[in-house]
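Everything on this sheet refers to the single structure shown next.
The values are calculated or read from the model by the stated rules, or taken from the named source; none is laboratory data. Keep in mind that this is a model prediction, so the values were computed, not measured. For neighbour counting, all protein chains shown are included, and Cβ atoms are generated from backbone atoms with ideal geometry for every residue, glycine included.
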Amino acid sequence: MLTWGGRGAPARRVRAGAARRPAAGALLALLLILGAAGPAMARAGGPDVNCPPTQYDCDIWDDDPGDPGGPGGPGGGGNGGETGGGGGPAAKCQWNGRPLPCYDEFLGWFNNGDGCYYKLAEPQPSVVEGKQWYVQTCNGGDLGAQDQVLLDAAPAGFEAPPDPAELARQALASIRLLPPRLKVAPRRNTGPGLVGLPVWMWASPGPNYFGPLHGSKSDRGLTVEISAKVDRIVWDMGNGDTVTCDGPGTPYEVDGPRAGLTSPDCGYDDGYRATGTYRISATTHWTVSWSGGGESQSFPLTRTSNAVPIEIDELQVVTG
Amino acid sequence: MRVRHSRHRAACLVVIAAVGITGGCGGAPENAPGPVSGAAAAAHPPADAAAEAAAEKAALAAYSGYLAASGTASRRGDPRHPELTRFLADPLLTRVRLAIREAKEHGAMRTGKLVSDSTVTSVDLAAEPPTVEIQDCLDATGWRLVYARDRKPVPGSRGGRWLSTATATRFPDGRWRISAGQTHQDQPC
């Protein structure tokens, strides 16, 4: 019962150093550096904010992230939180490294230069030749930093139309691209791992791990649709070898028809060449595509799992 | 600039007695007095008193209009309710809209009623724009934030009777609107 042999599994095996797509790899690294994407904005009422007479408890939601399925937008908006682990294009509007929507229905347009939202005061409290009153909400939308200011020119970004790429970023932040959850065999409960015998690898299936995921975001009549799916999962076997699979793989069953054989679709069929404890991890490679407003684009994203250990012992010939 | 402090709770009744205006208190929200310059007011004290009385009346009407409009918009979860712009102005208008939107995003709405007992504390018709300061012992004990799906109160939301202050401002169109307001939960009344 020590035969983990067999051939013919469709998994593609890649030796160390043979990066499959060096250009794509560099792009992915860049995208990861560009940071997390999330539309969460300052809560409507901070501790230093006095509530209006008719909304005496306006700060009640301060500790509540809100309903991620609810309408987008900041106040909460914030509504939708960034949950997918980051990646993707950088936010067009940011304050102190925090991505913000460039437009809010009630706060107006964001000025990247000073971190304030601006809307025309409604109505104008006085008519001043060549100037207009604006409601200015600074510190990235902090109501404790709200003021009414008289300006002789519109602030940067004021009345900018909705931007499809920016909406795509927000739509991406509304879907959950999760890192893969791994299982491998052999493990302690499925028998010892031995040098030269096949290893099975599989990951939890499901849309959040492999796609397809769909989302959309609308702003002032423009809607952007986004979809994301995993093209491949690359397993790092912890010894410099990688194995690329097309899907989540097949769970190993000790009493299944292929017990002791190779995985039908995702395995390290030749096994490890030396004893030791190896740390296996896997990275899912997503393709994110969006379209809207006459534009469309695709870009890659990755999610990497935690490592799981595998122990490989010396193969000993048992005679009896 | 003249600032008048009313010691009476029912300021509008005082106004009616002093100037002889007939009709319901706060019942004429469209009543908008014309511009009054500070110099002219000082030269003709009776006209000044009449203008102040009219301003107080219009300001209190705007305030009760604000409470009603905000109540309707909050119950419906509609931050774009058209009545809001009739009685409210920025920055308070934006604040009220944001609060309604945020409650809605959390699946919450308001029920019940607010009981107002408002008075004018000062009038400044020489300011640009002219303003009237209002205070109110606003009874919000029956004004609750509840979840729309089951009408259960949102944890942490509890009404009370607190001092509220508000500023009414006269706009170039002649209408008085409430442009600022706060609840002072540290001042029960």
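Which numbered condition trips up residue A:105, out of (1) surrounded by 14 or more Cβ atoms within 10 Å (Cβ to Cβ); (2) in contact with a Leu (Cβ under 8 Å, 6 or more places away or on another chain)?
(2)
Take region B:131-149 and flag every residue that is free of Cβ contacts under 8 Å to residues at least 60 places away in the same chain, closer than 19 Å to residue B:183 by Cβ, among the β-branched types (Val, Ile, Thr) and not in a loop (DSSP other than H, G, I, E, B).
Listed by number, the list holds a single entry, B:146.
Tell me, which residue of region B:148-161 that is within 11 Å of chain A (Cβ to nearest Cβ) and under 19 Å from residue B:105 (Cα atoms) is surrounded by the fewest Cβ atoms within 10 Å (Cβ to Cβ)? First the steps, then the outcome.
Start the filter on region B:148-161 by keeping residues that are within 11 Å of chain A (Cβ to nearest Cβ), which leaves B:153-161.
Imposing the further condition that a residue be under 19 Å from residue B:105 (Cα atoms) reduces the set to B:153-157.
Details: B:153: 14, B:154: 20, B:155: 10, B:156: 13, B:157: 16.
Top of the filtered list is B:155.
Would region A:207-223 turn up any residue that is surrounded by fewer than 20 Cβ atoms within 10 Å (Cβ to Cβ), touching a residue at least 12 places away in the same chain (Cβ under 8 Å), aliphatic (A, V, I, L, M) and within 29 Å of residue A:313 (Cβ to Cβ)?
Looking for residues that are surrounded by fewer than 20 Cβ atoms within 10 Å (Cβ to Cβ), touching a residue at least 12 places away in the same chain (Cβ under 8 Å), aliphatic (A, V, I, L, M) and within 29 Å of residue A:313 (Cβ to Cβ), one finds none in region A:207-223, hence no.
Going by the structure shown, is residue A:157 over 30 Å from residue A:214 (Cα atoms) and outside any strand (DSSP E or B)? Explain how you work it out, then say what you get.
Values: over 30 Å from residue A:214 (Cα atoms): no; outside any strand (DSSP E or B): yes.
No.
Return yes or no: is residue A:219 at pLDDT 95 or above and among the acidic types (Asp, Glu)? Reasoning before the result, please.
Values: at pLDDT 95 or above: no; among the acidic types (Asp, Glu): yes.
No.
Within region A:141-184, how many residues are surrounded by 22 or more Cβ atoms within 10 Å (Cβ to Cβ), farther than 30 Å from residue A:296 by Cβ and among the acidic types (Asp, Glu)?
So the count comes out to 0.
So that you can scan it fast, the table gives a plain yes or no per residue for (1) out of contact with any Lys or Arg (no Cβ under 9 Å at 6 or more places or on another chain); (2) of a type in the set (A, V, I, L, M, F, W, C); (3) in a strand (DSSP E or B):
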| site | (1), (2), (3) |
| --- | --- |
| A:180 | no, no, no |
| A:197 | yes, yes, no |
| A:202 | no, yes, yes |
| A:205 | yes, no, no |
| A:209 | no, no, no |
| A:214 | yes, no, yes |
| A:233 | yes, yes, yes |
| A:248 | yes, no, no |
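Consider residue B:74 against the criteria (1) modelled with pLDDT of 95 or more; (2) crowded, with 24+ Cβ neighbours inside 10 Å; (3) touching a Lys or Arg at 6+ places or on another chain (Cβ under 9 Å): it satisfies all of them except one. Which criterion is unmet?
That leaves (1) as the condition not met.
Can you name every residue in region A:189-247 that is of a type in the set (Ser, Thr, Tyr) and touching a helix residue (DSSP H, G or I) at 6+ places or on another chain (Cβ under 6 Å)?
Kept after step one, since they are of a type in the set (Ser, Thr, Tyr), are these residues of region A:189-247: A:190, A:204, A:209, A:216, A:218, A:223, A:227, A:242, A:244.
Hit for region A:189-247 is A:216, nothing else.
Would you say residue B:172 is within 25 Å of residue B:108 (Cα to Cα), in a loop (DSSP other than H, G, I, E, B) and facing chain A (nearest Cβ under 10 Å)?
Values: within 25 Å of residue B:108 (Cα to Cα): no; in a loop (DSSP other than H, G, I, E, B): yes; facing chain A (nearest Cβ under 10 Å): yes.
No.
Step by step: first the residues of region A:113-128, then only those that are within 37 Å of the chain's Cα centre (by Cα) and in a loop (DSSP other than H, G, I, E, B), then the one that is farthest from the other protein chains (Cβ to nearest Cβ). Which residue is that? Show your work before the answer.
So the first thing to find is which residues in region A:113-128 are within 37 Å of the chain's Cα centre (by Cα), and the list is A:113-120.
Filter once more, keeping what is in a loop (DSSP other than H, G, I, E, B): A:113-115.
Numbers: A:113: 21, A:114: 18, A:115: 17 Å.
Per the stated criteria, the residue is A:113.
Please specify each residue of region B:80-104 satisfying the condition of being within 9 Å of chain A (Cβ to nearest Cβ), in a loop (DSSP other than H, G, I, E, B) and under 26 Å from residue B:133 (Cβ atoms).
Scanning region B:80-104 gives B:89, B:90, B:91.
With respect to residue B:128, is the statement that it is over 25 Å from residue B:148 (Cβ atoms) and either of a type in the set (Lys, Arg) or at pLDDT below 95 (or both) true?
Working: over 25 Å from residue B:148 (Cβ atoms): yes; either of a type in the set (Lys, Arg) or at pLDDT below 95 (or both): yes.
The answer is yes for residue B:128.
Give the number of residues within region B:105-130 that are surrounded by fewer than 20 Cβ atoms within 10 Å (Cβ to Cβ), part of a strand (DSSP E or B) and either of a type in the set (D, E, K, R) or within 10 Å of chain A (Cβ to nearest Cβ) (or both).
1
So that you can scan it fast, the table gives a plain yes or no per residue for (1) free of Cβ contacts under 8 Å to residues at least 60 places away in the same chain; (2) among the small types (Gly, Ala, Ser):
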position: A:254; (1), (2): no, no
position: A:257; (1), (2): yes, no
position: A:260; (1), (2): no, yes
position: A:267; (1), (2): no, yes
position: A:277; (1), (2): yes, no
position: A:293; (1), (2): no, yes
position: A:311; (1), (2): no, no
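Which of the residues spanning region B:152-167 are within 19 Å of the chain's Cα centre (by Cα) and at pLDDT 90 or above?
B:161, B:162, B:163, B:164, B:165, B:166, B:167
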